[in-house]
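**Student:** I'd like to ask you about the structure that follows.
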Amino acid sequence: MRGSALVILLAPASRARRAALPLALCVGLTAVLTACGEEPDPDAGTNGVGRLSATEIETKARAAAAGAKAVRLSGSLVSKGGTYKLNMRLNQTGATGSVVTKTSTFELLRVGDALYLKADAAFWTSAESDGGDQDDEKDDSGTGAADKLDDKYVKVPEGDPSYKQLRGFTEMNVLLRGLLELHGDIVKGDRSKVGGIRTVKVAGGAQGEGGTLDVSLEGTPYPLQFARGGGAGVVVLSDWNKPFPLTAPSKDETLDYGRQLPRTSD
């Protein structure tokens, strides 16, 4: 009888444990399935800009750019004057970098209002053939101006017709205002990455026909890439607020061209 009583006493506890085990498994499985079914927050760990409206994101990006002290701008621009490939570092007082067109490649350096252009002999040879008396540009040894100007800085006179055009490539605020302009109704796009940095897109028009801007979701909401509408170029903006050296060339690095500089459009 004692054995029977022991069995009777233990049986309910054993049955309770057996019933509790499936219940615990079900609870655990439900928690796992619920977690797996939840969509991850695309703005987790970001600066929160992605939660704003398209117009608010654009405003934040413009304000960040306007308050910046320096930026690197690289990519291509298509305008009425032709196609330009730029690789420029710009700040509030000047710029340095290169410009490539269909027919020429040259470097620009601006320190304050002083603007300098540097190019290879091929650039200056083309300039000589486009106008002017080449014989006037030769010294006693028969060496043309192109050879002398090869890889030298030429200071662009402020009165030269090309000064305004060339300076336009070195004006940080002017370039940013023009590049960051979206046309049409501003809409919010997908999340993406530019240079490994998470971004959110805002666009002018549903198809981006008015331009598409990638805005950083990390740190300050700087614009990191701008695709102009109609395939008119893509520009990457990086090195925000990163300082770089900007000094005028020495006299040994500089020569006087002596006449009107050549046009730089295609």
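**Student:** Just to be sure, is GLU171 modelled with pLDDT of 95 or more and under 30 Å from GLY205 (Cα atoms)?
**Tutor:** Working: modelled with pLDDT of 95 or more: yes; under 30 Å from GLY205 (Cα atoms): yes.
Taking the combined requirement at face value, the residue satisfies it.
**Student:** So which residues in the range 240-259 are part of a loop (DSSP other than H, G, I, E, B) and either hydrophobic (A, V, I, L, M, F, W, C) or on the phi > 0 side of the Ramachandran plot (or both), if there are any at all?
**Tutor:** In the first step, residues of the range 240-259 are kept if they are part of a loop (DSSP other than H, G, I, E, B); the result is 240-250, 256-259.
Matches in the range 240-259: TRP240, ASN241, PHE244, LEU246, ALA248, GLY258.
**Student:** Further, regarding this structure: Looking at ALA146, ALA122, which one is modelled with pLDDT of 75 or more and either in a strand (DSSP E or B) or exposed (fewer than 15 other Cβ atoms within 10 Å of the Cβ) (or both)? Let's see the steps before the verdict.
**Tutor:** Working: ALA146 fails: either in a strand (DSSP E or B) or exposed (fewer than 15 other Cβ atoms within 10 Å of the Cβ) (or both).
Unique residue meeting the criteria: ALA122.
**Student:** Let me ask something else. For the range 149-164, what are the residues that are surrounded by 14 or more Cβ atoms within 10 Å (Cβ to Cβ) and charged (D, E, K, R)?
**Tutor:** Matches in the range 149-164: ASP150, LYS152, LYS155, ASP160.
**Student:** Looking at ALA146 and the list (1) over 22 Å from ASN87 (Cβ atoms); (2) in contact with a strand residue (DSSP E or B) (Cβ under 7 Å, 6 or more places away or on another chain); (3) among the hydrophobic types (A, V, I, L, M, F, W, C), which single condition is not satisfied?
**Tutor:** Answer for ALA146: the failing condition is (2).
**Student:** Anything in the range 93-117 that is outside any strand (DSSP E or B) and in contact with a helix residue (DSSP H, G or I) (Cβ under 6 Å, 6 or more places away or on another chain)? List them, or say none. Even if it seems obvious, please write down each step before you answer.
**Tutor:** Of the range 93-117, the ones outside any strand (DSSP E or B) are 93, 101-104, 112-113.
Of everything in the range 93-117, just one residue is outside any strand (DSSP E or B) and in contact with a helix residue (DSSP H, G or I) (Cβ under 6 Å, 6 or more places away or on another chain), namely SER104.
Each row is one residue, and each column tells you yes or no for (1) out of contact with any helix residue (DSSP H, G or I) (no Cβ under 8 Å at 6 or more places or on another chain); (2) charged (D, E, K, R); (3) on the phi > 0 side of the Ramachandran plot; (4) at pLDDT 95 or above.
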site: LEU23; (1), (2), (3), (4): yes, no, no, no
site: CYS26; (1), (2), (3), (4): yes, no, no, no
site: THR30; (1), (2), (3), (4): yes, no, no, no
site: PRO42; (1), (2), (3), (4): no, no, no, no
site: GLY45; (1), (2), (3), (4): yes, no, yes, no
site: THR59; (1), (2), (3), (4): yes, no, no, yes
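**Student:** I'm told LEU176 meets every condition in (1) closer than 29 Å to TYR116 by Cα; (2) touching a strand residue (DSSP E or B) at 6+ places or on another chain (Cβ under 7 Å) except one. Can you identify the failing condition by its number?
**Tutor:** The one condition LEU176 does not meet is (2).
**Student:** What are the residues in the range 68-91 that are part of a loop (DSSP other than H, G, I, E, B) and either surrounded by 17 or more Cβ atoms within 10 Å (Cβ to Cβ) or modelled with pLDDT under 95 (or both), if any?
**Tutor:** Within the range 68-91, ALA68, LYS80, GLY81 qualify.
**Student:** Here's something else I'd like to know. Can you say whether THR220 is of a type in the set (S, T, N, Q), crowded, with 19+ Cβ neighbours inside 10 Å, within 16 Å of the chain's Cα centre (by Cα) and at pLDDT 95 or above, as far as the supplied structure shows?
**Tutor:** Answer is no for this residue.
**Student:** Okay, next question. Is it fair to say LEU108 is at pLDDT below 95 and under 30 Å from TYR222 (Cβ atoms)?
**Tutor:** no
**Student:** Do we have LEU237 as under 27 Å from VAL156 (Cβ atoms) and either in a strand (DSSP E or B) or at pLDDT 95 or above (or both) here?
**Tutor:** yes
**Student:** Sticking with this structure for a sec: Collect the residues in the range 175-193 that are of a type outside the set (Ser, Thr, Tyr) and surrounded by fewer than 17 Cβ atoms within 10 Å (Cβ to Cβ), keeping them in residue-number order. Full working, then the answer.
**Tutor:** Initially, the range 175-193 is screened for residues of a type outside the set (Ser, Thr, Tyr), giving 175-191, 193.
Answer for the range 175-193, where residues must be of a type outside the set (Ser, Thr, Tyr) and surrounded by fewer than 17 Cβ atoms within 10 Å (Cβ to Cβ): ARG177, GLY178, GLU181, HIS183, GLY184, ASP185, LYS188, ASP190, ARG191, LYS193.
The values are calculated or read from the model by the stated rules, or taken from the named source; none is laboratory data. Everything numeric here is computed off the predicted structure, so don't read it as measured data. As a convention, Cβ positions derive from the backbone with ideal geometry for all residues, glycine included, and neighbour counts pool all protein chains shown.
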